[in-house]
Amino acid sequence: MFKKNRKTYYIITFILVFILVFYYWQNHTLQITRYELTYKDLPESFDGYRIVQISDMHGKTFGMENIGLAKKIKSLNPDILLITGDMMSSTIFDEGAFFEFLDHFDKACPIYMCLGNHEQIAEQLTSYSDNNRFLNYINKITEKGAILLDNKKIKVNNGEDSINIFGLTPELYHYSRRDIEPYDENLSLTESYIENVLGKSPKEFNILLAHNPAYFEEYVSWGADLTLSGHIHGGVVRIPFLGGLFSPEKIFFPKYDAGLFESGDSRMIVNRGLGYSKINIRLFNRPEISFIKLSNMQ
């Protein structure tokens, strides 16, 4: 009887330890996803150009003061770091984790970012109060080396060539659910809206930072060669062969949940993010760093 009970105890202990280790691995260890994207119209000097993308930090830390995240990205030796929004939460003062990361990253390469919906909500909340949190956020990340592309474009040079990086800040109503019937098309983000805020896309190589991936076809129609997005958190729970379970808009199995998507010659990478939003768990969906190498089609 004693031996039987001891065996049961060992089995239960093993199962509990396995669950704890698995939970830690899924939620607190970084995964690097690597992409090599080939373009026929990529400027020659950008052949082999190394891009790292991160997104949706929401106060998450990896190592003391986010030194683990900074070291992991530095080890990839990127030419540029692109950040696709929600590096803070709208109602929780957790932006310190992002500041700490920027301190440890120490301008190892140029950093460009767009705003996510949480940063936009924080800006609205600031406008209704005497709290200047959003302005402090922008000032601090600028001081620490990040360049915000808030409906703006920057030309990035490498050798004798250049590419364009755009940061799109849509209206918050553009995050509304598209599966609601009847859906108000006035809430939809259109190519003409993008053109109105960013201008016509140049006949050059264009990277678009756009937090919400739901409008991939509109980004392509506008003229994005490569779109980088986040927002979906990989669907929180990833189900084998089916993908991410749901989006922040409570859409089950969103079309653009994570990974690489293609439309003609244009591509979009949806980063799974680093932290949590409302659901503090990730399952089969580790925090992600996207590593992208651009190459010329020979």
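The values are calculated or read from the model by the stated rules, or taken from the named source; none is laboratory data. Quantities reported herein were computed from a predicted structural model and do not represent experimental measurements. As a convention, Cβ positions derive from the backbone with ideal geometry for all residues, glycine included, and neighbour counts pool all protein chains shown.
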Subject >> Filtered residues of segment 250-292 (kept if assigned to a strand (DSSP E or B), in contact with an Asp or Glu (Cβ under 7 Å, 6 or more places away or on another chain), surrounded by 17 or more Cβ atoms within 10 Å (Cβ to Cβ) and of a type outside the set (A, V, I, L, M)) >> reply: Ser266
**OP:** For segment 55-77, enumerate the residues that are in contact (Cβ under 8 Å) with a residue 12 or more places away in the chain and part of a helix (DSSP H, G or I).
**Re:** Glu65, Asn66, Ile67, Gly68, Leu69, Ala70, Lys71, Lys72, Ile73, Lys74
**OP:** Please go through segment 161-187 and pick out each residue that is hydroxyl-bearing (Ser, Thr, Tyr), outside any helix (DSSP H, G or I) and at pLDDT 85 or above.
**Re:** Ser162, Thr169
Original post:
Can you tell me which residues in segment 207-250 are among the hydroxyl-bearing types (Ser, Thr, Tyr) and either modelled with pLDDT of 95 or more or within 23 Å of Ile154 (Cα to Cα) (or both)?
Top reply: Tyr215, Tyr219, Ser221, Thr227, Ser229
Subject >> Verdict on Glu123 being of a type in the set (Asp, Glu), closer than 22 Å to Lys278 by Cβ and not in a loop (DSSP other than H, G, I, E, B) >> reply: yes
**OP:** Return the residue satisfying two criteria in turn: it lies in segment 90-104 and is at pLDDT below 95 and either among the hydroxyl-bearing types (Ser, Thr, Tyr) or not in a loop (DSSP other than H, G, I, E, B) (or both), and of such residues it is farthest from Gln120 (Cα to Cα).
**Re:** Thr91
Subject >> Lone qualifier among Phe18, Phe105, Phe62, Phe46 - being over 30 Å from Glu160 (Cα atoms) and over 17 Å from the mean Cα position of the chain (by Cα) >> reply: Phe18
Subject >> First in segment 202-216 and outside any loop (DSSP other than H, G, I, E, B), second anywhere and among the polar types (S, T, N, Q), Cβ under 6 Å, 6 or more apart >> reply: Asn206/Asn164; Leu208/Thr227; Leu209/Thr84; Ala210/Thr227; Ala210/Ser229; Pro213/Ser229
